[in-house]
1. Here is a check on your reading of the model: is residue 160 modelled with pLDDT of 90 or more, under 23 Å from the mean Cα position of the chain (by Cα) and over 17 Å from residue 190 (Cβ atoms)?
2. Evaluate the following for residue 115: is it at pLDDT 90 or above and assigned to a helix (DSSP H, G or I)?
3. So is residue 171 part of a loop (DSSP other than H, G, I, E, B), in contact with a strand residue (DSSP E or B) (Cβ under 9 Å, 6 or more places away or on another chain) and buried (at least 18 other Cβ atoms within 10 Å of the Cβ) or not?
4. Residue pairs, Cβ under 7 Å, 6 or more apart or interchain, first in region 266-293 and at positive phi and outside the structural domain of residue 146 (by TED's automatic domain parsing), second at pLDDT below 80 and in a helix (DSSP H, G or I). List them.
5. With respect to residue 110, is the statement that it is under 20 Å from the mean Cα position of the chain (by Cα), modelled with pLDDT under 90 and not in a helix (DSSP H, G or I) true?
6. For region 41-64, does any single residue satisfy the condition of being touching a helix residue (DSSP H, G or I) at 6+ places or on another chain (Cβ under 9 Å), under 23 Å from residue 154 (Cα atoms) and surrounded by 13 or more Cβ atoms within 10 Å (Cβ to Cβ)?
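The values are calculated or read from the model by the stated rules, or taken from the named source; none is laboratory data. Predicted model only: the values in this text are computed from it and were never measured. For neighbour counting, all protein chains shown are included, and Cβ atoms are generated from backbone atoms with ideal geometry for every residue, glycine included.
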């Protein structure tokens, strides 16, 4: 597949900007920026927009043309906004758009105890190994890390053997959202399981070896493939299909929500106050702010009523009321 060639009025500036991003950002972050800039460049070229035509109205029209949800559109505008600031620094008098507000409509599915038992029974059976000779061992280990540490799927699949300190029971997460590296402590039992897994995969002592390799050792598993396998498993397990707007249904990211719910419940039940628990969870999850962690406190009130009450008391007055555009 040939590389897209920039054609708009800013075609001379975009490659240099991307080169600067490569010097300070991870590969996935730069790839996302390039993708959004390609879409923006193609739109400008299509409407034959000159520099003086890149106005608020043009940005509004571009946003309306995007085949994304409001949330993803906001991410696209954020990437282009940084590029426009770069152009301003180059001396160009350009319009810098605001990031559009959106209503957070995502409703996570929280696995029940029976759901978890069924999922792990299927995963441990190796029924989804297919042609991948590693998958029979990989999928059970992957699910245990997601459940036991609340990791994001992308950062988990990007782990290498050298990122794990078995002696301290810590994973060094290097390839994370917004490049926020962090240390993730594990339960001793999970550390032992992960170490035995790495021994079985023959990657102990090979720092650059993927913890979750693909069909061969040269590449890691891809998120899209793992997602397909999990959705097949969820279907066999009889997990519910979403019927409410904004509800994604059972997915791998829901393990992160369940981790937050269970952690908050266990820590507050042990006597820790929410003032201590909430900031600790936010740091552990790799969030930039408490407001980001607040989004993970979405779960059925009948399941965690006491925890929701404690969370409500803690956040009362902490997050200002904001009117989002519908």
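1. So residue 160 fits the description; yes.
2. Yes, satisfied.
3. Taking the combined requirement at face value, the residue does not satisfy it.
4. Cβ pairs passing all conditions: 286/177.
5. It is true that residue 110 is under 20 Å from the mean Cα position of the chain (by Cα), modelled with pLDDT under 90 and not in a helix (DSSP H, G or I).
6. No.
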